[in-house]
Amino acid sequence: MPPKHPQLDEIQKEVQRADEQRKHLIDLDLRGYLGSRGFLPNYAFVRAGTWAELLTPNEVRRIDRPPFIALTELAPGNTLYYGARRYSLERAGFLPKEASLEKGKRCTCGHIETQGPRCRACGKDLSAVVAEVRLMPPPVVLGLSKRRISSEEEERTRLGYEVEWDWRPKDPRRLQADSLRLLYEHNAEVVALNKGPRAWFLDEEEDHPLHGGFVLCKRCRRFLLSEKELEEHPWRENRPGRCTMGGSESDLLHNLLIQARAESDVLALEVPRPSELDGPAVEAFYKSLLAAFRKAALITLELADDELYGFLQPTPEPRLPYRVVLVEGQEGGLGALAALADWPGEEKRHPFHELVEVALRLMHAEEEGCEKASYDCLMDYSNQWDHPFLDRTLVLPFFHKLKGLEFKPAEKDPTHLDELLAQCESDLERRWLLEAQQRSVPLPQRAQHTVALGETFTRFDFYYDQGLGIYVDGPPHLEEERRQKDQQLRTQLTLMGVPFLVFREGEDWAAGFRELAVWLSGGPAAGEAWEEALQLADPAYRPLLEGLRDAGIGPPDAVGEDLMEAGRIVGQSIARWGSMHLVPPGLVARGLEVKPDTPLELVLEYLQGGKKAV
């Protein structure tokens, strides 16, 4: 027997490692790999994705996914199959910082509003609604191997999760053709919310899902998904619970929704509600339109299923109940949707016309097809929940009208500020509006608004639909007779419980705008939110934040939030309002880079205009 080579074991390990790498490269989806690592074919960078850590018998395997895919595929309660094993995603890898979680308000229509006091889906006033919903980014979850799966888990996996999509347009390009509008925005802000598992239908004695979102135990980091789990998990005085770390009711984080953000190209189609449709047929029309529009776009633009998402965005306008929205799946833009919005196009045959012809062919326009919908036309895996609504016969006439239709740039809609300025009756009122906008205070909904006071009336110069009136008093209000009349009317308003604020010419309006900002942000609650934010903030930056508060800026959504890149924490933001971050030196790519002595005007300009400093 020949002597054993002294480095034989090391050589065998190297051979085994090289063989594993060779197998990995053979199975590698290069585009998916580059996408998961932050690279795209156009060398754009995406925000950090998330991952699951699967606890295999020998090691911990990491499964990476982009944010929108991770929102459901790596959601708490889901099941993954890897290496001939089934893994249940039950626990968080680490706990989120409660102070950094964005807050939202739940409207009765189901929409989660985070942008202001009014629901953007139905128009309802939410100023009196408590912001109790917590929004967290897709968490790192731990996968535990399971041999069996219960009936509830099987049904939950089949039905999936309830996801709400939201496009937050800033300044999209608008195109018009007859009553139709096509909107395109490059690197638009798109948000998707996982609101929890869809309700599954079991016998009454069986378990039922939670309706307010996810619940996370801070002691054992387990996600609770059903009423039964919520009842049995915490330890109570009269009985032990299932929490392995002895967590009580106070250790549970309720009303958690998972939020994924991206800056992707968006194309939206605004189609007025057909006058001949009513009731359930209206929703069926828009769902069928979305299915046809997206499926035809996938074929025309030669995209994979995960490279193009589609959803209906509700609007408060009765004539336009939904907006049909397509979103590219890769941040930075693939350039596909831009071709549909390029009018007049450089090609003889515009891609949009090709899309219309593909849609008609898919829906059997020239031949006898299915009765309403099938997998040959409108149905696919991604819209299973909408299958009962899909009906090709509802949208075929619409696509026939689109044949040969030419879109032209639409006139820019007048802004709300323009409309209010046109109703002003003095330069002083115009100056008040412009200063309100400069201070980033929400603009009033109405101008010259009359309120009855018994047998007389008063007219506010501006009025907020939350119930607040604004007087802007010029020199005529200093005359004795006018001053006494104002005092009588305003005393009557006070006795009736109608709130109002008065801004007089020649006085410092800063205090009035601070009071207005606090009132619109929820009254004393906004002041408390600012106090909490200042306590959490870096002491060196507190004077800057106090200046923002005094300028009428509302309290930040988060303070000291971790900034992630490629799964690593690269720093902390000073404060965040929506998608706008104030960051310390060295993180200029993540927001506005500020120092403790940064001029307040520069920060105000950034927060008011959404501009990124260079």
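Since every read-out is calculated from the coordinates, none of them should be taken as a lab result. These numbers were taken from a predicted model, which means no experiment stands behind them. Cβ placement follows ideal geometry from the backbone for every residue including glycine, while neighbour counts extend to all protein chains displayed.
Counting Lys and Arg as +1 and Asp and Glu as -1, each charge on the Cβ, what is the dipole of the chain about the Cα centre in debye, to the nearest 20?
Here the size comes out at about 1280 debye.
Using the Cα gyration tensor of the stretch 261-409, with a ≥ b ≥ c the square roots of its eigenvalues, what is the shape: rounded (a/c below 1.5), prolate (a/b larger than b/c) or oblate (neither)?
Taking the square roots of the gyration eigenvalues as a ≥ b ≥ c, the stretch 261-409 is rounded.
Rounded to whole Å and sorted largest first, list the principal axis extents of the Cα atoms in the chain.
That works out to 117, 67, 57 Å along the principal axes.
Taking Cα atoms, how many degrees apart are the long axis of helix 524-536 and the longest axis of the chain, rounded to 10 and kept between 0 and 90?
Roughly 50 degrees, rounded to the nearest 10.
How big is the dipole moment of the stretch 261-409 about its Cα centre under a simple scheme where the beta carbon of each Lys and Arg is +1, that of each Asp and Glu is -1, and everything else is neutral? Debye, nearest 20, please.
My answer is approximately 460 debye.
Non-local amide H neighbours of Ala75 (under 5 Å, H modeled in plane, Pro and chain starts lacking H): which ones?
Sorted by chain and number, the residues that satisfy this come to none at all.
Can you tell me what share of the DSSP beta bridges in the chain is antiparallel? A percent to the nearest 5 is fine.
Antiparallel bridges: around 85 percent, rounded to the nearest 5.
Please figure out what share of the DSSP beta bridges in the stretch 416-520 is antiparallel and state it in percent, rounded to the nearest 5.
Within the stretch 416-520, antiparallel bridges account for around 65 percent of the total.
Any idea which of Tyr309, Ala339, Tyr322 is furthest toward the positive side of the dipole for the stretch 292-345, if Lys and Arg beta-carbons carry +1 and Asp and Glu beta-carbons -1?
Tyr322
Projecting each Cα onto the charge dipole of the chain (Lys/Arg +1, Asp/Glu -1 at the beta carbon, about the Cα centre), which of Leu604, Gly247, Ser145 comes out farthest on the positive side?
Projecting each Cα onto the dipole axis, the largest value belongs to Ser145.
Obtain the nm distance between the two label points defined at Leu55 and Asp508 by a simple spin-label model: each point lies 7 Å from its Cα along the Cα-to-C-beta direction.
It works out to 6.0 nm between the two label points.
Count the net charge of all other residues whose Cβ sits under 12 Å from the Cβ of Arg446, scoring Lys and Arg as +1 and Asp and Glu as -1.
-2
Helix 280-300: angle to the longest alpha-carbon principal axis of the chain, degrees 0 to 90, nearest 10?
With both axes taken from Cα atoms, the answer is about 60 degrees.
Strictly under 4.7 angstrom between C-beta atoms: which cysteines of the chain have no such partner?
Unpaired cysteines in the chain: Cys217, Cys220, Cys243, Cys370, Cys377, Cys424.
Mind checking the log10 I(q)/I(0) for the stretch 416-520 at q = 0.23 Å⁻¹? Debye, one equal scatterer per Cα, no solvent, two decimals.
At q = 0.23 Å⁻¹ the computed log10 ratios are -1.47.
Can you sort Tyr81, Tyr606 by how many other beta carbons sit within 10 Å, fewest first?
Numbers: Tyr81 8, Tyr606 20.
Listed from fewest to most nearby Cβ atoms, that is Tyr81, Tyr606.
For the charge dipole of the chain, defined by +1 on Lys and Arg C-beta atoms and -1 on Asp and Glu C-beta atoms about the Cα centroid, which residue among Ser440, Ala18, Ala365 has the Cα displaced farthest towards the positive pole?
Value computed over the given set: Ala18.
Whole-Hz ³J(HN,Hα) for each residue in the stretch 444-449, computed from phi via Karplus 6.51 cos²θ - 1.76 cosθ + 1.60 with θ = phi - 60°, x for glycine and proline: what do you get?
Computed from phi, the couplings for the stretch 444-449 are x, 7, 9, 10, 6, 9 Hz.
For the pairs Lys103/Lys595; Lys124/Lys170; Lys105/Lys195; Lys103/Lys195, flag any whose C-alpha to C-alpha distance is greater than 18 Å. Could you put the intermediate results ahead of the total?
Numbers: Lys103/Lys595 27 Å; Lys124/Lys170 22 Å; Lys105/Lys195 13 Å; Lys103/Lys195 14 Å.
Pairs exceeding 18 Å: Lys103/Lys595; Lys124/Lys170.
Rank the residues Met245, Met136 as a footprinting-exposure proxy: fewest other Cβ atoms within 10 Å of their Cβ go first.
Ascending Cβ contact count within 10 Å gives the list Met245, Met136.
Output the peptides 505-514, 111-120 sorted from most to least packed, where packing is the average of other Cβ atoms within 10 Å over each peptide's residues.
Working: 505-514: 14.0, 111-120: 18.7.
So the order, starting with the most tightly packed, is 111-120, 505-514.
Ranking Leu144, Leu378, Leu337 by Cβ neighbours within 10 Å, fewest first, what do you get?
Leu144, Leu337, Leu378
What value, in deg cm²/dmol to 500, does the helix sum -39500 (n - 2.57) over DSSP H runs of n ≥ 4 give at 222 nm once divided by the residues of the chain? Walk me through the numbers on the way to the answer.
Working: 16 runs with 177 residues, N = 614.
After summing the helix terms and dividing by the residues of the chain, the value is -8500 deg cm²/dmol.
Quick check: pseudo-label points 7 Å beyond the Cα along Cα→Cβ at Arg361 and Asp9, how many nm apart are they?
That separation, rounded to one decimal, is 6.4 nm.
As I understand it, the value is the acute angle between the Cα axis of helix 600-609 and the longest principal axis of the Cα atoms of the chain; what does it come to in degrees, rounded to 10?
70 degrees
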